[in-house]
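Throughout, read-outs are computed from the coordinates displayed, never taken from laboratory work. Fair warning: this is a prediction, and the values are worked out from it, not measured in the lab. Note that we place each Cβ from the backbone using ideal geometry, even for glycine, and neighbour counts take in every protein chain shown.
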Amino acid sequence: MVDMDMDGVLNFEEFTMGAMMLSNNNAEPEKIAAIFSKSDTNADGSIDYPELEALLNMLREENNRGREGRDGPDGPDGPNAQELF
Ligand SMILES: [Ca+2]
Ligand SMILES: [Ca+2]
């Protein structure tokens, strides 16, 4: 979906696009850059599927904090890594 050139990973431009989409254009560029470098755990300059999934899980956990009875990997909340690829 966000993987424009279909190479199976998200480069910074693609990641930025996805982050803007997910945040309804509210994401700050500096914040996106920070998240990108943090998520790129093998530092190859792109976000691959496991890295994106780890990031989304992290975001989901943050969203679920303070809420009861709605956790679990198949919860209705949050974006799915598969939707982005
Ligand atoms: Ca790509
Ligand atoms: Ca990477």
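On the stretch given as region 1-28, residues that are within 21 Å of Asn63 (Cα to Cα) and within 12 Å of ligand 2 (Cβ to nearest atom) total 1.
I need the full set of residues from region 36-62 which are more than 16 Å from ligand 1 (Cβ to nearest atom), in a helix (DSSP H, G or I), out of contact with any Gly (no Cβ under 7 Å at 6 or more places or on another chain) and not acidic (Asp, Glu), in order please. If the condition is that a residue be more than 16 Å from ligand 1 (Cβ to nearest atom), in a helix (DSSP H, G or I), out of contact with any Gly (no Cβ under 7 Å at 6 or more places or on another chain) and not acidic (Asp, Glu), then Ser37, Lys38, Ala54, Asn57, Met58 are the ones that fit. Counting the residues of region 1-33 that are surrounded by fewer than 18 Cβ atoms within 10 Å (Cβ to Cβ) and under 15 Å from Ala54 (Cα atoms) gives 0.
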